[in-house]
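The values are calculated or read from the model by the stated rules, or taken from the named source; none is laboratory data. On a predicted model such as this, the values are computed, not experimentally measured, just so you know. Quick reminder, even Gly has a Cβ in these numbers, built from the backbone with ideal geometry, and neighbours come from all protein chains shown. Just so you know, the surface numbers come from the protein's heavy atoms only, side chains and all, with ligands and any DNA or RNA stripped out. Shrake-Rupley method; radii C 1.70, N 1.55, O 1.52, S 1.80 Å.
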Amino acid sequence: MSIWSRIADALSALASGEGLATVFDRLRTPPEKTVAFTIAVIALSAKMAKADGLVTRDEVMAFREVFHIPREDELGAARVFNLARQDVAGFEEYAKRIRAMFGPDQGTLCDLMEGLFHIAMADGTYHPGEDAFLLRVAEIFELPEGSFRRLKSRFVPDAEPDPYDVLGVEPGMSLDEIRATWRQLVRESHPDRMIARGVPEEAVKLSERRLIDINRAWEEIAAREHA
């Protein structure tokens, strides 16, 4: 059974009049967490669409870059998006339920934030409303400020990403310490690790850009040290 069929089953279980946010209370253990992760990205993306006032074709395409949606499952994905967009519950309620579901697992929450940044930047513009939205979601997820700054530095092209920010390290650290952090980030970005955290196979593309960014950052720092 595809993850989209499992999402359809989860939605069909909703009682009449219940909001989509209640789904998260029922999807707390593997393999259901992969369903919850996918619904969370769709739902928060729908809520984030309100932050800049519109949903663009670029944002839709960006979502398809994260999740491969078979043609026969497109209606199911659209249903999740529309339910979230129409739900009276605010995005903070969604974020709180997702935070409760994943508990202290910050790896999965960072994976989810990464998907949201990817979609937010799809149209080439980082809207102030999107920044406020993502910052608030990160606060609810209780992500360290450095983790949010690291994600933002990779996706928002205000300036050339600082390699130390990308790796989440300080310039004063030794090269050995930075190398250890880089290796840890590489391990955490392995598809098998992501799937074990609850990220569905359909979304492991999230790791491809991450690996490119962290490897480039490490190479730049190492080159500076040996210059």
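Which one of these does GLU142 not meet: (1) open to solvent by less than 20 Å² (accessible area, probe 1.4 Å); (2) modelled with pLDDT of 90 or more; (3) outside any helix (DSSP H, G or I)?
Against the list (1) open to solvent by less than 20 Å² (accessible area, probe 1.4 Å); (2) modelled with pLDDT of 90 or more; (3) outside any helix (DSSP H, G or I), GLU142 comes up short only on (1).
I'd like to verify a number: residues in the stretch 186-198 that are assigned to a helix (DSSP H, G or I) and among the small types (Gly, Ala, Ser), how many? I'd like the intermediate steps shown before the answer.
First pass over the stretch 186-198, keeping only residues assigned to a helix (DSSP H, G or I): 186-188, 191-196.
Checking which are among the small types (Gly, Ala, Ser) leaves us with 196.
The qualifying residues number 1.
So, of the residues in the stretch 155-185 that are of a type in the set (A, V, I, L, M) and assigned to a loop (DSSP other than H, G, I, E, B), which turns out to be surrounded by the fewest Cβ atoms within 10 Å (Cβ to Cβ)? Write out each step before concluding.
Within the stretch 155-185, the subset of a type in the set (A, V, I, L, M) is 156, 159, 166-167, 169, 173, 175, 178, 180, 185.
From what's left, assigned to a loop (DSSP other than H, G, I, E, B): 156, 159, 169, 173.
Working: VAL156: 17, ALA159: 7, VAL169: 23, MET173: 15.
Residue satisfying both the conditions and the ranking: ALA159.
Can you confirm whether the stretch 205-212 contains a residue that is farther than 20 Å from LEU116 by Cα and either under 19 Å from the mean Cα position of the chain (by Cα) or surrounded by 13 or more Cβ atoms within 10 Å (Cβ to Cβ) (or both)? Break it down into steps so the answer makes sense when it comes.
The first filter runs over the stretch 205-212 and keeps only residues farther than 20 Å from LEU116 by Cα, leaving none.
Within the stretch 205-212, none of the residues are farther than 20 Å from LEU116 by Cα and either under 19 Å from the mean Cα position of the chain (by Cα) or surrounded by 13 or more Cβ atoms within 10 Å (Cβ to Cβ) (or both).
Looking at (1) within 30 Å of ARG6 (Cα to Cα); (2) in a helix (DSSP H, G or I); (3) modelled with pLDDT under 85, which is the one condition that is false for LEU211?
That leaves (3) as the condition not met.
For ALA43, are the conditions met, namely being at pLDDT 70 or above, among the small types (Gly, Ala, Ser) and under 22 Å from GLN106 (Cβ atoms)? Explain how you work it out, then say what you get.
Numbers: at pLDDT 70 or above: yes; among the small types (Gly, Ala, Ser): yes; under 22 Å from GLN106 (Cβ atoms): yes.
The answer is yes for ALA43.
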